[in-house]
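First up is the structure itself, then whatever we jot down about it.
The values are calculated or read from the model by the stated rules, or taken from the named source; none is laboratory data. Quick caveat, the model's predicted, so the values are computed rather than measured. Backbone-built Cβ (ideal geometry, glycine too); neighbour counts: all protein chains shown.
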Amino acid sequence: MGLLSDLRDMMSGVDPAAKELERMEVEQASRMAQAKDQGEGLRAAGALGPKIRRRYSFVGSVQGVGFRWTTTNLASSVGATGWVMNERDGSVTAEIQGIREQVDAVIEGLDRYYNGRRWMAGFRIDGARDIPVIDGEYDFRPIY
């Protein structure tokens with residue numbers, strides 16, 4: 001993506017920033033699909049681990065911006081399980097479970113979506129800790 005390419009896009013009405021954002025989103029979708037495939041491969045092979053479960057506390061612009069919905073969609077798309085919930089203090093808590101690549105893909109997706117856009121104030125992780133895996137959990141859901 002050089003200057004000439006950007007100039008052509010600008011002259012044709014294509015926003016270079018939007019084009020770069022689209023490229024980044026396609027790249028993220030590819031990484032998420034790989035994480036899901038790897039998790040499904042482990043399940044198909046009968047290997048349920050190494051699963052991890054991590055509890056996150058998110059602060060910043062995390063309420064009133066679709067954060068729970070986005071987290072649920074990202075987690076579901078990579079095959080992670082767990083939940084996400086708004087807290088009274090304005091933060092959001094989530095427990096995300098899966099293989100490390102699945103958990104990381106959810107966090108990377110949130111970072112790219114909320115911290116990678118100029119019009120959003122963004123968020124940060126205020127705390128993260130590993131907690132025991134919950135057997136028999138098969139989906140990711142928002143808690144209201």
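Considering only residues in the stretch 75-96 that are outside any strand (DSSP E or B) and among the small types (Gly, Ala, Ser), the one that is farthest from LEU110 (Cα to Cα) turns out to be GLY90.
Matching residues to (1) surrounded by 12 or more Cβ atoms within 10 Å (Cβ to Cβ); (2) among the acidic types (Asp, Glu); (3) within 13 Å of ARG54 (Cβ to Cβ):
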residue	(1), (2), (3)
VAL106	yes, no, yes
TYR113	yes, no, no
GLY116	yes, no, no
TRP119	no, no, no
PHE123	yes, no, no
GLY127	no, no, yes
GLY136	no, no, no
ARG141	yes, no, no
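Residues that are over 19 Å from ALA80 (Cα atoms), touching a residue at least 24 places away in the same chain (Cβ under 8 Å) and touching a Phe, Trp or Tyr at 6+ places or on another chain (Cβ under 9 Å) within the stretch 93-144 comprise TYR114, MET120, ALA121, GLY122, PHE123, ARG124, ASP126, GLY127, listed in sequence order. Reported count of residues in the stretch 51-103, each being farther than 16 Å from ASP126 by Cα, at pLDDT 95 or above and either more than 14 Å from the chain's Cα centre (by Cα) or of a type in the set (Asp, Glu) (or both), is 2.
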